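Have a look at the structure below, then the notes.
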Amino acid sequence: MVELYNDFVKEFQDRMDQVVLLRLVAKITPQLPNLKSRLEFVDKLKELVLRQEQALILAELRKGFHLLEERDIEACNLILQESSKKVDRIREVDPFLYSQLYKLQANYHHARKEYQDFYKNALQFLAYTPEDEITPEEKISFSLEMGLAILFSPKILNFSELLEQRVIQSLQGSQYVWLYNLLEIFNRGDVTQFTKHMSSIPKEIQQHTNAFVDQRTTLEQKIRIASMFELIFNLQKNERNLTFEQLSTITHLSVSEVEFLIIKAMSLELIKGEIDQVEQRLDVSWIQPRVLDLERVKKMKNKVDSWVHSLEALLRMVQEYNI
């Protein structure tokens, strides 16, 4: 790409669409030998695109990518802050600018191990980036990091949202298929399968030993909350009054440990409701919304059908009473 630029593109770059030019720059600068040469290359192009605000922002973001590669996190953050303000003032933003902004924000939060913010920005990056613009290697790398991020983020239980992303399918058939299977287990809230799966993939997990060791407590707590979440979701709203005994069975915890799990889920704002400590019951009034896969859509349909039948029965009773 560097040779193509020097031998061909450079001759007419001042007549090119400047956003298109910055698309090329995103492929060229990583091939330059060091940070200094990359920043100098971008600075020269900035002089060329001064009159096009979006191209100028893209040039700054490109510098941010390279600064972050060198672990200059603070300098990258300053670029992100200024770029975000400028983008907010633009009425019609080129999708490529959004794509690069969210990608750099995702990379920044990943470098700081801020899993929840990384995950949210990564989803936005995918929303603004055509799939054919992401290389197979990038798909696997990005899917790996997103999968780990959603597992390690205590507040995100919407696994179906990630599993519905086409890019995550790249994990299947790769060396990280174990991660895809683990995400499906969390999506089902299956504590038994979680325990079996974690014990059957030691070699794969060894590649991420520190992360999994550090987050093991979070993972075990999260799969139990996921199992409780799945149980509540499958119940009709008027049936969401659960005993600690029921929750103990589904979460594989003792009855005495269930209350702490409920309080944890409430503190993370995953569920809302009331705890009756005397009767040892949980009355759930709300659960965090989630993206519905096909199986859950069918369950929702069954709930609506049941609700309609109940209304029809009530209406018949009222009509009979009036007669």
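The values are calculated or read from the model by the stated rules, or taken from the named source; none is laboratory data. Everything numeric here is computed off the predicted structure, so don't read it as measured data. Cβ atoms come from the backbone with ideal geometry, glycine included; neighbour counts cover every protein chain shown. In case anyone asks, the SASA skips ligands and DNA or RNA and just uses the protein heavy atoms, side chains included. Shrake-Rupley method; radii C 1.70, N 1.55, O 1.52, S 1.80 Å.
Summed over all non-identical Cα pairs, the Kirkwood treatment of the chain gives a radius of 23.0 Å. How far is the Cα center of segment 232-262 from the Cα center of segment 77-147, in Å? Value for the Cα centre distance between the two parts: 38 Å. One chain, two ends: Arg71 and Ile275. Fully extended at 0.36 nm per residue, the span grows by 68.8 nm beyond their Cα-Cα distance. Pairs over the 27 Å Cα-Cα cut-off, from the set Lys27/Lys120; Lys86/Lys120; Lys63/Lys155; Lys103/Lys196; Lys113/Lys264: Lys63/Lys155; Lys103/Lys196. Here the mean projected area of the convex hull built on the C-alpha positions of segment 111-246 is 9.5 nm².
Can you tell me the relative contact order of the chain? Whole percent, Cα pairs under 8 Å, sequence separation 6 or more. List each step's numbers first, then the result.
Working: 310 pairs, mean separation 31.2, N = 323.
Relative contact order, the chain: 10 percent.
For segment 139-190, the C-alpha radius of gyration divided by 2.2 N^0.38 Å, with N the number of residues, is 1.01.
Under the shape rule built on the C-alpha gyration tensor, where the axes satisfy a ≥ b ≥ c, segment 180-269 is prolate, since a/c reaches at least 1.5 and a/b is greater than b/c. One way to sum up the overall shape of segment 57-153 is the equivalent ellipsoid from its Cα gyration tensor, whose semi-axes run 20, 17, 12 Å, largest first.
Placing +1 on each Lys and Arg Cβ and -1 on each Asp and Glu Cβ, with no other charges, gives segment 81-171 a dipole about its Cα centre of roughly 400 debye. Taking Gln116, Gln165, Gln175 as the candidate residues, the one with maximal mean-square fluctuation in a Gaussian network model of the chain, Cα springs under 10 Å, is Gln175. What segment 31-176 shows is 50 Å² of accessible area per residue, with the surface traced by a 1.4 Å probe over protein heavy atoms.
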